[in-house]
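Engineer: The following block contains the structure, expressed as structure tokens.
The values are calculated or read from the model by the stated rules, or taken from the named source; none is laboratory data. All values derive from a computational prediction rather than experimental measurement. Glycine also receives a Cβ, built like all others from the backbone with ideal geometry; neighbour counts cover every protein chain displayed. Just the protein is used for accessible areas: all its heavy atoms, side chains included, with ligands, DNA and RNA removed. Shrake-Rupley method; radii C 1.70, N 1.55, O 1.52, S 1.80 Å.
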Amino acid sequence: MYRLTPLMTQRLRRDLGRYHDLFSAKRCSGWELEELIHRAILSDNSAQHHSRWKEAGHDTEADIEVSVNGDIHRLQIKSGKLVKNNLVLSGHRLGRFNGSLAGISNYLNDQCRKTEILAVPHHTIDDESGRRHCYQIAYVDAFCLGGLRSGAWHKHGKQYRQINEHGVLFSLRPSMSWQIWWHIPLHAIDLSERFCVG
């Protein structure tokens, strides 16, 4: 699984601080994080990690490709939120499968073998000193995002849900073009220390 080096992490923290010098009200979103993480990877010349990011590419395979000693890491960059000992992430809109739960299950099982997820969940702290934006870096073991069975989905309100053998809750939302949401238990995540900026 791909990891940012300490120098890359330092650059990301610094750039998030600069971001919140300009924008104090909102979090840095996924599409903005893509560029900041790409820049962070390029900032550590000694690591010799070669990063390729296509702006607004919306590639279903990866947001960023990193080559390390000939090995290719295909990263999906997510923002996300930590809620009740879970990392909550949104994924692709899967309307192209026309509601086929078998097609969606097969696609998601295939994706977890091709990509890695690097998420940067956020929350704010408002106190007497003002607002601070707090982030962590989460490396998700994508292997835990597979094992879906097409017949195991059940209707829950307007959603379809399934929990795999790793305890990951998958939620399909037809009203959002069949977007997939993951509730990933912390045991499937390598989570950095929290850092606050702003």
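Engineer: Can you give the local net charge around Pro121? Use residues other than it whose beta-carbon is closer than 12 angstrom to its beta-carbon, Lys and Arg +1, Asp and Glu -1.
Structural biologist: Result for the local shell: +4.
Engineer: Going by Cα centres, region 1-29 and region 100-130 are how many Å apart?
Structural biologist: 18 Å
Engineer: Right, another one. Give the residue list of trypsin sites (Lys or Arg not before Pro) in region 132-194 that are DSSP loop and have at most 15 other beta-carbon atoms within 10 angstrom.
Structural biologist: Sparse-neighbourhood loop trypsin sites (Lys or Arg not before Pro): Arg149, Lys158, Arg194.
Engineer: Taking the Cβ of Val88 as the centre, find all other residues whose Cβ is under 11 Å away and add up their charges (Lys, Arg: +1; Asp, Glu: -1).
Structural biologist: Here the count lands on +3.
Engineer: Cysteines of the chain lacking any other cysteine beta carbon under 4.7 Å?
Structural biologist: For the chain, the answer is Cys28, Cys112, Cys144, because their Cβ atoms have no other cysteine Cβ under 4.7 Å.
Engineer: For region 1-102, which GluC sites (Glu not before Pro) are in a loop by DSSP, counting at most 16 other Cβ atoms within 10 Å?
Structural biologist: Loop-located and lightly packed - Glu55, Glu61.
Engineer: Count the net charge of all other residues whose Cβ sits under 15 Å from the Cβ of Ala25, scoring Lys and Arg as +1 and Asp and Glu as -1.
Structural biologist: +1
Engineer: If you don't mind, there's one more thing I want to ask. Once you've got the GNM for the chain with C-alpha springs shorter than 10 Å, pick whichever of Pro174, Pro185, Pro121 has the biggest mean-square fluctuation.
Structural biologist: Between Pro174, Pro185, Pro121, it is Pro174 that shows the largest mean-square fluctuation.
Engineer: Using all C-alpha to C-alpha distances in region 4-57, build P(r) with 5 Å bins and read off the rounded percent in each one.
Structural biologist: All Cα pairs considered, the percentages come to 4, 20, 28, 22, 17, 7, 2, 0.
Engineer: Rounded to the nearest 500, what is the chain's calculated 222 nm mean residue ellipticity when only DSSP H runs of at least 4 contribute -39500 (n - 2.57) each, over all residues?
Structural biologist: -7500 deg cm²/dmol
Engineer: Enumerate the calculated ³J(HN,Hα) couplings along region 155-164 in order (Karplus 6.51 cos²θ - 1.76 cosθ + 1.60, θ = phi - 60°), each rounded to whole Hz, writing x wherever the residue is Gly or Pro.
Structural biologist: Calculated HN-Hα couplings, in order: 6, 9, x, 9, 10, 10, 10, 7, 10, 8 Hz.
Engineer: Please sort through the DSSP H helices of the chain and keep those with an alpha-carbon extent of at least 15 Å along the long axis and a Kyte-Doolittle average not below -0.5.
Structural biologist: 30-43
Engineer: Quick one: with all protein chains in place, what share of the accessible area of region 75-198 is carbon or sulfur, to the nearest percent (1.4 Å probe)?
Structural biologist: Details: 2850 of 5960 Å².
Carbon and sulfur atoms account for 48 percent of the accessible area of region 75-198.
Engineer: Given a 10 angstrom Cα cut-off, can you work out which residue in Leu94, Leu118, Leu22 is the most mobile in a GNM of the chain?
Structural biologist: Leu22
Engineer: Which whole-number value in Å² is the accessible area per residue of region 75-155, probe 1.4 Å?
Structural biologist: 46 Å²
Engineer: Taking springs between alpha-carbon atoms closer than 10 angstrom, which of Gly151, Gly130, Gly103 fluctuates most in the Gaussian network model of the chain?
Structural biologist: The residue with the greatest mean-square fluctuation here is Gly130.
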